[in-house]
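Chemist: Just passing along the structure, written as structure tokens.
The values are calculated or read from the model by the stated rules, or taken from the named source; none is laboratory data. Given the structure is predicted, the values throughout are model-derived calculations rather than measurements. Cβ placement follows ideal geometry from the backbone for every residue including glycine, while neighbour counts extend to all protein chains displayed.
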Amino acid sequence: MSTRACYSFADEHGKSHVYYHFDGYPANALKLINEAKKYAWELPRFEADEFGAAFVVAAKGNSAGGARLSKGPSNHGDLDYKYDISFDKDLNIKIWTVDFHNSRLLDKGTLKQLWKKYIK
């Protein structure tokens, strides 16, 4: 069974969303967000759509399928997690657990803070 997640990247111009069909639990999500930095503009330059595209590259790796552009979390009835990613001096992330159409904030912080909690 897959752990599905939707990632929402936000800046002052709007949001871009990516649906990822596999391994959406927090530890793997943080690893993918960190990996996306390799393919995105160097921070502090952060553009939601560009970082979302970099996330797709990181998530797909050398495999077909799995990651795709999305219209947002409400378009997926089978999510386990959703993530809000933005930038203000650092990557800021909110981690939500999802049960059908209900969401509960599980955790929030910078990538560095959350990395210390979830990556062993």
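Chemist: In region 75-95, is there at least one residue being in contact with a strand residue (DSSP E or B) (Cβ under 9 Å, 6 or more places away or on another chain), modelled with pLDDT under 95 and part of a helix (DSSP H, G or I)?
Modeler: Checked region 75-95: at least one residue is in contact with a strand residue (DSSP E or B) (Cβ under 9 Å, 6 or more places away or on another chain), modelled with pLDDT under 95 and part of a helix (DSSP H, G or I).
Chemist: Looking at region 5-33 only, could you name the residues that are among the acidic types (Asp, Glu) and assigned to a strand (DSSP E or B)? Before you say what the answer is, go through the steps one by one.
Modeler: We begin by selecting, within region 5-33, every residue among the acidic types (Asp, Glu); these are 11-12, 23.
Across region 5-33, the qualifying residue is only ASP11.
Chemist: Filter region 48-74 for residues that are outside any helix (DSSP H, G or I) and either surrounded by fewer than 18 Cβ atoms within 10 Å (Cβ to Cβ) or modelled with pLDDT of 95 or more (or both) and give the result.
Modeler: GLY61, ASN62, SER63, ALA64, GLY65, GLY66, ARG68, LEU69, SER70, LYS71, GLY72
Chemist: Restrict the check to region 109-120 and report whether at least one residue is without any contact (Cβ under 8 Å) to a residue 60 or more places away in the chain, buried (at least 16 other Cβ atoms within 10 Å of the Cβ), among the hydrophobic types (A, V, I, L, M, F, W, C) and over 19 Å from ASP49 (Cβ atoms).
Modeler: no
Chemist: If I filter region 96-107 down to residues being surrounded by fewer than 19 Cβ atoms within 10 Å (Cβ to Cβ) and out of contact with any Ser or Thr (no Cβ under 9 Å at 6 or more places or on another chain), which single residue comes out as modelled with the highest pLDDT?
Modeler: Filtering region 96-107 for residues that are surrounded by fewer than 19 Cβ atoms within 10 Å (Cβ to Cβ) and out of contact with any Ser or Thr (no Cβ under 9 Å at 6 or more places or on another chain), the one modelled with the highest pLDDT comes out as ASP107.
Chemist: So how many residues does region 36-47 have that are surrounded by fewer than 16 Cβ atoms within 10 Å (Cβ to Cβ) and in contact with a helix residue (DSSP H, G or I) (Cβ under 8 Å, 6 or more places away or on another chain)?
Modeler: 3
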